[in-house]
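Each remark here refers to the structure printed beneath this line.
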Amino acid sequence: MTVLLFMLLTFQAAVAQNVNKRVYDSTLNQEVLAGLCNRQVLTKDEFGTYFNPEYKNYQPQTKFINKLKDKINTVSVVIVFGEWCGDSQEQVPRFFKIADEAKMDSSHLKLIAVNRNKDAVTEDISGYKIERVPTFIVFKGDTESGRIVETPSTTLEEDLWKIISKNN
């Protein structure tokens, strides 16, 4: 039992080391997040100065939140963002506000940070074909249902609902 517990803790520590990595971005001449991230890193340091007030102040449209509540956990979402990007600083907190109000399970989210060259460094994201950030990619199973790139057409919650509802 002790050996099994030790192995489990060692595995968790190894996995945790691959989350919230900071790398030097020579284009920006500073360290940035790159690769897989967890939500907690968004609320800290410089990104937190954008995330926290935007999350607190954003008021998603109730009619879309109510619609999303029934369907949001039928999809998964990959969010590719840059902590240095103004659109990411605005849209990522808004997405999390929507996800929270619609009761999206965190197991349906994957958060990936990129440097200025749209490289996640520790994570291969070439299959996502990222051109601009943030990019919110909605999947139904293994199939991409749609994406929101940079800024929504209407509002993030309405665009998200349009993607989810067309496939359900």
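Coordinate-derived values only; no laboratory data. Everything numeric here is computed off the predicted structure, so don't read it as measured data. Positions of Cβ are generated from backbone atoms using ideal geometry, with glycine treated the same way; all protein chains shown enter the neighbour counts.
Filtering Val92, Val78 for residues that are assigned to a strand (DSSP E or B), aliphatic (A, V, I, L, M), surrounded by 15 or more Cβ atoms within 10 Å (Cβ to Cβ) and under 12 Å from the mean Cα position of the chain (by Cα) leaves a single hit, Val78. Reported count of residues in the range 136-168, each being assigned to a loop (DSSP other than H, G, I, E, B) and either among the hydroxyl-bearing types (Ser, Thr, Tyr) or under 18 Å from Phe64 (Cβ atoms) (or both), is 7.
In the set Lys67, Lys97, Lys110, only one residue is of a type in the set (Lys, Arg) and out of contact with any helix residue (DSSP H, G or I) (no Cβ under 6 Å at 6 or more places or on another chain); that residue is Lys110.
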